[in-house]
Amino acid sequence: MWREFVTVFRREYLKWVRVPIWVSAYFVIPFVYLILFGQAFNLDKLLPVGAPADSLRPALLGAPDYFSYFTAGMVGFVILTSALYAGTGVLFDKQLGIQSRMSAMPAPRTALFAGTLVFRSVMAVFPAFFAIAFGLAFAHVPGLVGLTVSGPVSAVGVFEIVLAAFLLSIMFTALFLAFGYALDKNEAYFGITSLLNLPILFTSNVMFPQATMPGWLQTVAAYNPVSLAVNVVRENLFATEGYPYGPAVYLLGLAAWAALLIALALLVAARELRAH
């Protein structure tokens, strides 16, 4: 099983590295969101003249300013956006007849699925950390607002952030891979992913403080896996204020979501690979 896993993983890597525009997009997407949307959509500018600079701090749950809050949220946003296209490779393999040949291989179906899942999950994590790096760099550029880290980030905190990002990535990669295996039409795939993208995003606390939402939406956001991951990032980057739980509880929630979605995706993938 290990040999088959590595073979599929290497195939996914070669597909990715041979398309330079695809590689470049991993750097460009977080930069564009932060330099355009992040700099323009700055709630700090809406404060009345003379208001204390930290007036929004309670609503931002400890973040020193809105851009810092937004940049931490971009970890979840960019991962979700990158995972959206995980299933397209499966669709193209179906159309080109490659999946039929892979299904005929004397290899465990789990390995065929896992090789794609792990590679796509790892690659969806990288843009999230580019977002943090760009945010930190902007703080040193005149005329730009940058990310301010106000919390004592420890080695454990870094590990928690990486783990939260990977769990979020692998669960959404599994979800969209499942759609790739279950659907045969490109239009159906992109229709479903487009339909899911914005509801998942806007029912989270990625861009908007949870305290400003209506009660029912606060409840939804509290269980949204994107919110869980972003809470881990914010609790470690900023002074903790107002979070009902510590990072470990949010990580357990993410692990539960990941286990559920991976199990469902594996069932769909195994069924489709047997069918071909």
- Residue under evaluation Phe92, criteria (1) hydrophobic (A, V, I, L, M, F, W, C); (2) surrounded by fewer than 22 Cβ atoms within 10 Å (Cβ to Cβ); (3) modelled with pLDDT under 80, criterion not met: (3)
- Message: Anything in segment 144-167 that is touching a Pro at 6+ places or on another chain (Cβ under 6 Å) and under 20 Å from Leu228 (Cβ atoms)? List them, or say none.
- Response: Glu160
- Query: What pairs come up if the first residue lies in segment 181-201 and is closer than 18 Å to Leu217 by Cα, the second is not in a helix (DSSP H, G or I), and their beta carbons are under 8 Å apart, counting only those six or more places apart or on different chains?
  - Reply: Asn197/Leu84; Ile200/Asn224; Leu201/Met207
- Query: When Gly157 is evaluated against the numbered criteria (1) at pLDDT 90 or above; (2) crowded, with 18+ Cβ neighbours inside 10 Å, which criterion, by number, is the only one it fails?
  - Reply: (2)
- Task: Could you please let me know if Ser169 is touching a helix residue (DSSP H, G or I) at 6+ places or on another chain (Cβ under 8 Å) and either of a type in the set (Phe, Trp, Tyr) or in a loop (DSSP other than H, G, I, E, B) (or both)?
- Result: no
- Query: Is it true that Phe138 is under 23 Å from Trp16 (Cα atoms) and of a type outside the set (Val, Ile, Thr)?
  - Reply: no
- Does Leu183 fit the bill of being surrounded by 23 or more Cβ atoms within 10 Å (Cβ to Cβ), over 22 Å from Asn42 (Cα atoms) and among the hydrophobic types (A, V, I, L, M, F, W, C)? no
- Residues within segment 172-217 that are among the aliphatic types (A, V, I, L, M), closer than 20 Å to Gln95 by Cα and part of a helix (DSSP H, G or I), tallied: 5
- Note on the structure: Condition set more than 14 Å from Val162 (Cα to Cα) and outside any loop (DSSP other than H, G, I, E, B), scope segment 227-251, selection farthest from the chain's Cα centre (by Cα): answer is Val249
- Message: Just to be sure before I move on: is Thr212 modelled with pLDDT of 90 or more, over 17 Å from the mean Cα position of the chain (by Cα) and hydroxyl-bearing (Ser, Thr, Tyr) in the structure I sent?
- Response: no
- How many residues, within segment 61-97, are among the charged types (D, E, K, R) and in a helix (DSSP H, G or I)? 2
- Task: From (1) touching a Pro at 6+ places or on another chain (Cβ under 8 Å); (2) modelled with pLDDT under 95; (3) within 21 Å of Pro127 (Cβ to Cβ), pick out the condition that doesn't hold for Phe238.
- Result: (3)
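The values are calculated or read from the model by the stated rules, or taken from the named source; none is laboratory data. No experiment lies behind these values; they were computed from the predicted model shown. Because the Cβ atoms are built from the backbone with ideal geometry, glycine has one as well, and the counts that use them run over all protein chains shown.
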